[in-house]
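**Q** Sharing a structure, written as structure tokens. Questions coming.
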Amino acid sequence: MVRLIEDGTCFNMIMFTGGVTTTDVARMREETKAVAMAKKKRKRKVVPQTGTIYGENIVREAPTVNESIRADLARVEGEVDDVLKSFS
């Protein structure tokens, strides 16, 4: 085929049989659009609003978390103070 192109051969539609028609291409595009739209509709998720159960859980669990990390925070603060004193 490359040789024919280099030789300057003129090509026309009769030489290429098979393939799809313009109507087939238009139909395939419409089908693809329909599938894409169906996927878009399925992917939508419901996002919880602020102040729902998640927010209430945070408020309820905050004191427990605070108690559990209080000792670690005190230790880290002490180490930071020691480092600051060593630089001054």
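Throughout, read-outs are computed from the coordinates displayed, never taken from laboratory work. Everything quoted here is computed from the prediction, not taken from an experiment.
**Q** Working out 0.36 nm times the residue gap between T21 and E67, then minus their Cα-Cα distance, what length gain in nm do you get to one decimal?
**A** Numbers: separation 46, 0.36 × 46 = 16.56 nm, distance 7.27 nm.
The span from T21 to E67 would gain 9.3 nm if fully extended.
**Q** So if each residue of separation counts as 0.36 nm, and I subtract the Cα-Cα distance between C10 and E79, what length gain in nm does that give?
**A** Details: separation 69, 0.36 × 69 = 24.84 nm, distance 8.41 nm.
That works out to 16.4 nm of additional length.
**Q** Here's something else I'd like to know. Determine ³J(HN,Hα), in whole Hz, for all residues of the range 16-31 in sequence, where each value follows from phi through the Karplus function 6.51 cos²θ - 1.76 cosθ + 1.60 and θ = phi - 60°; x replaces Gly and Pro.
**A** 10, 9, x, x, 10, 8, 4, 5, 4, 4, 4, 5, 5, 4, 5, 5
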